[in-house]
1. Buried (at least 24 other Cβ atoms within 10 Å of the Cβ), free of Cβ contacts under 8 Å to residues at least 40 places away in the same chain and of a type in the set (D, E) - does that describe any residue in the stretch B:174-188?
2. Hey, could you check the stretch B:244-288 for residues that are within 9 Å of another protein chain (Cβ to nearest Cβ) and under 20 Å from B:T102 (Cα atoms) and say which is surrounded by the fewest Cβ atoms within 10 Å (Cβ to Cβ)?
3. Is it true that B:A228 is more than 10 Å from every other protein chain (Cβ to nearest Cβ) and without any contact (Cβ under 8 Å) to a residue 40 or more places away in the chain?
4. Tell me which of these B:R239 doesn't satisfy, since it passes every other one: (1) in contact with a Leu (Cβ under 6 Å, 6 or more places away or on another chain); (2) among the charged types (D, E, K, R); (3) modelled with pLDDT under 95.
5. Out of the residues in the stretch B:75-104 that are of a type in the set (G, A, S) and touching an Asp or Glu at 6+ places or on another chain (Cβ under 6 Å), state the one that is surrounded by the fewest Cβ atoms within 10 Å (Cβ to Cβ).
6. Answer with yes or no whether B:I64 is touching a His at 6+ places or on another chain (Cβ under 7 Å) and more than 18 Å from B:S268 (Cβ to Cβ).
7. Taking the stretch B:164-192, which residues are of a type in the set (S, T, Y) and facing chain A (nearest Cβ under 7 Å)?
8. Considering only the stretch B:55-69, state which residues are within 10 Å of chain A (Cβ to nearest Cβ) and either surrounded by fewer than 21 Cβ atoms within 10 Å (Cβ to Cβ) or of a type in the set (V, I, T) (or both).
Amino acid sequence: MKNSRSTLMLTALFSSALLIQTAAADDSIDHSGKASKHSALAASEGLATTASVASAVVAVPVILTGSVVIAGSAVVESAVDESARNVHAASHQSSVDNNQPLVITETIITADPAPNKVIATTNTTTTNTTTTTTTTTKR
Amino acid sequence: MFRKKVASAKRAISNQGLGYQGRESMKTFLYSMVLLMALLVVNVDHALAGSQQHGKPSFSPEAIATFSKDVEKYAAGQGARAFIIARRGRPVEDMPEGIRFTHTAIAIYSNIQLENGETAKGYAIHNLYQDADKQDVSHLITDYPVDFFWSAYALEAGIIIPSVAVQQALISMYSEDKAKLLHNPRYSVVANPFNSERQNCTEYTLDVLNAAVYSTTDIAQLKANAKAHFTPQKVNMSRAKLGLASMFSDGVTLSDHGRKVETTTFGSLARYMQKYDLSEKTVIFTSNEQITNIEEFSNADSE
């Protein structure tokens, strides 16, 4: 009887540990990189008439220099030079100008590649593999 | 492993000719093991959910896209060129007391070059993500709001808008490609923010923030500064339970902790930024565009 009780207690403790592991588990796992996401968004009827879906290639921060926002790699260098790297110096700049509303695209941007790109990549890989196999066989 | 244990227990019953009480006790043990196995399977599935369950959205693509765009527009309306963003991946009741958000990152207003050659303005989100297969490893990945909220449990965002000066310093971290220097790929969900042994997503955010504020990427200096000024969130679980959890997941370890287990959370980050005047506003933004201003930062996690 004593053994049964301690076994049950041990089981309860382990079970509780397993449940805790679930609770403690971080959710910071990458959700991007799934081609189905791009497809799901593109096929979504609710979005079809109001927005398009596009995959991002690269994002370049829009540099903030005083009251002026400068974008693009050509001006990044000079903008960074101008920008006060010291936080205290920067705090003297006009926060009113800096807090102006920003423009946001209506396009739904995703890190996913478009499905045709995924298929093209897969086909290329398959072709390469086939070529390699053929060459190997000839040898 | 458990099958072997059950089989050997069965053999023990038949070979050793246990008495009635012994057989009953053994039966209880076997039932317990079966229960434990079932729980283990369920929890392993859940624990590995990053690449599986998390891949399945809880909401329709329209709802996620609309919410993501609303979050972007809210931040843009505030003039935020850099802000801290958090999502909730689990029900609040499943979280340790005092913790609400499960993932935190930094959003930077950017020119985004699209696959079709066009350029659009929006927020790129710079994340530290746990590897779905190797749970004690992380990667730096840039994604976009719809990716960020794709598998969130709730259409709810934690948003901290830093002061203009801090925004500017954060933007410099990314435009000069310095944020990656703060990455420690050794991951633990309850990483200790006061040393460099492990790092989670929110600790990485804290490190980037402090690197921006102090204009240094010297890790030792940043950890010393964090220890002097930052108050982490206590993980409200017993050490024994956390220890057991670490046995079952590579993504949980206590090796970087002393007696107390404390980690970086969205709430502790919000409190830190408020205390040192690094933030202008902290809100919880929900799907019906309801905005809750968090005046009392002690509630940023637990509200």
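The values are calculated or read from the model by the stated rules, or taken from the named source; none is laboratory data. All values reported here derive from a predicted model rather than from experimental measurement. Using ideal geometry, Cβ is built from the backbone for each residue, glycine included, and neighbour counts are taken over all protein chains shown.
1. No, there is no match, as no residue in the stretch B:174-188 is buried (at least 24 other Cβ atoms within 10 Å of the Cβ), free of Cβ contacts under 8 Å to residues at least 40 places away in the same chain and of a type in the set (D, E).
2. Here the residue is B:F248.
3. Details: more than 10 Å from every other protein chain (Cβ to nearest Cβ): yes; without any contact (Cβ under 8 Å) to a residue 40 or more places away in the chain: yes.
Against the criterion (more than 10 Å from every other protein chain (Cβ to nearest Cβ) and without any contact (Cβ under 8 Å) to a residue 40 or more places away in the chain), B:A228 qualifies.
4. Among (1) in contact with a Leu (Cβ under 6 Å, 6 or more places away or on another chain); (2) among the charged types (D, E, K, R); (3) modelled with pLDDT under 95, the lone unmet condition for B:R239 is (1).
5. Filtering the stretch B:75-104 for residues of a type in the set (G, A, S) gives B:75-77, B:79-80, B:82, B:86, B:89, B:98.
Going one step further and asking which of them are touching an Asp or Glu at 6+ places or on another chain (Cβ under 6 Å), we end up with B:89, B:98.
Numbers: B:G89: 25, B:G98: 16.
Among them, the one singled out is B:G98.
6. no
7. Within the stretch B:164-192, the subset of a type in the set (S, T, Y) is B:172, B:174-175, B:187-188.
Selection gives B:S172, B:Y174, B:S175.
8. Filtering the stretch B:55-69 down to residues within 10 Å of chain A (Cβ to nearest Cβ) leaves B:55-57, B:60-66, B:68-69.
The answer is B:G55, B:K56, B:P57, B:S60, B:E62, B:A63, B:I64, B:T66.
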